[in-house]
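Here the structure is laid out as structure tokens; the discussion comes afterwards.
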Amino acid sequence: MQKDKVELSTLARMKREGRPITMVTAYDTPTARIVDAAGVDTVLVGDSAANVVLGYPDTIPVTMDELLHHTRAVKRGLKHAMLIGDMPFMSYNVSVERAIENAGRFLKEAGADAIKLEGGGWVIETVRRIVKAGIPVVGHLGLTPQTAGMLGGYKVQGKDAASARQIYEDALGLQGAGAFLLVLECVPDRLGTLIAGKLTIPVIGIGAGSGTDGQVLVYHDLVGIHAGFAPKFVKRYAQVGDLMQKAVESYCREVRERSFPGEEHSFKISDEEYQALEKAIQ
Ligand code: KIV
């Protein structure tokens, strides 16, 4: 289990040595403590916070201030995992200057070690400039949820030669621009393996097969906090949502039947003390 603080060089070494890198999302301090203690290498405060914990329909509405707030909370729970903040939609799309400023806020105001942003094409130049400003950057290609509408919805990407080629060229572009890590989402497993094999930076897959240099899952999917729809690439390692609901049902039942709180949960005073206070409040 990883115990030292995970640095950029740690991840580069893990790729060279063929040791898979683990990443999970977290949005609050108790979750950060759990995943850090479990030995995860990198923690992403994803813009998935929008739909996973903030109740938005997708990732579009979440703001810089909301993600900074969650990133700060996660920072307080981490001892050794690398902390990556996710740039929300429109925080890097308007101008390079605005992108650098917003990326910097994740490091200065929330204690992140690095930032992630989605896309290739014009985003590559923005990545180059953010890296030049001294901010470590994680790229994100394949299915990019912020622009899912333009990709034809939440679909597997890179299934034909032309789109696979585009993803590969964008991956090379991001690597050339100085990105130190790439998240590759929802592509055929063989494309995931191919791109991870061609890049020198680690490629973290989510729905990209087992041949990438590591994996990322959304924490709430992994532990089964909600029982609703899960994409094919999700493996539920537990169903803690059921357990949590049962706990709250038991609490409600015990309150209604007056079996909670019990003697052991109540603060006691002597008869004399009681008589004194009873007299005082008459
Ligand atoms: O926002 C997020 O949680 C992500 C991961 C699923 C890669 O981008």
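The values are calculated or read from the model by the stated rules, or taken from the named source; none is laboratory data. Predicted, not measured: the structure shown is a model, and the values here were computed from it. Backbone-built Cβ (ideal geometry, glycine too); neighbour counts: all protein chains shown. Heavy atoms of the whole protein, side chains included, go into the accessibility calculation; ligands, DNA and RNA do not. Shrake-Rupley method; radii C 1.70, N 1.55, O 1.52, S 1.80 Å.
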Query raised in the report: Within the range 159-190, how many residues are within 16 Å of the ligand (Cβ to nearest atom) and in contact with a Pro (Cβ under 7 Å, 6 or more places away or on another chain)?
Result: 2
Query raised in the report: in the same structural domain as residue 46 (by TED's automatic domain parsing), modelled with pLDDT of 95 or more and either assigned to a strand (DSSP E or B) or among the aromatic types (Phe, Trp, Tyr) (or both), is that true of residue 174?
Result: no
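Can you report the number of residues in the range 228-282 which are in a loop (DSSP other than H, G, I, E, B) and open to solvent by less than 100 Å² (accessible area, probe 1.4 Å)?
15
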Query raised in the report: When you look at residue 18, is it in the same structural domain as residue 149 (by TED's automatic domain parsing), open to solvent by 40 Å² or more (accessible area, probe 1.4 Å) and under 21 Å from residue 215 (Cα atoms), yes or no?
Result: yes
Requested in this report: Take the range 193-233 and flag every residue that is of a type in the set (Asp, Glu) and within 12 Å of the ligand (Cβ to nearest atom).
Outcome: 221
**Report entry** residue 179 vs. criteria touching a strand residue (DSSP E or B) at 6+ places or on another chain (Cβ under 7 Å), closer than 16 Å to residue 201 by Cα and assigned to a loop (DSSP other than H, G, I, E, B)
**Finding:** yes
Requested in this report: Would you check if residue 47 is within 12 Å of the ligand (Cβ to nearest atom) and either open to solvent by 40 Å² or more (accessible area, probe 1.4 Å) or touching an Asp or Glu at 6+ places or on another chain (Cβ under 7 Å) (or both)?
Outcome: yes
**Report entry** Residues that are within 16 Å of the ligand (Cβ to nearest atom) and either closer than 11 Å to residue 179 by Cα or over 17 Å from the mean Cα position of the chain (by Cα) (or both), drawn from the range 120-141
**Finding:** 120, 123, 127, 137, 138, 139, 140
Report summary line: When the range 9-37 is checked residue by residue, the ones that are more than 11 Å from the ligand (Cβ to nearest atom), touching a residue at least 12 places away in the same chain (Cβ under 8 Å) and not in a helix (DSSP H, G or I) are 20, 21, 22, 28
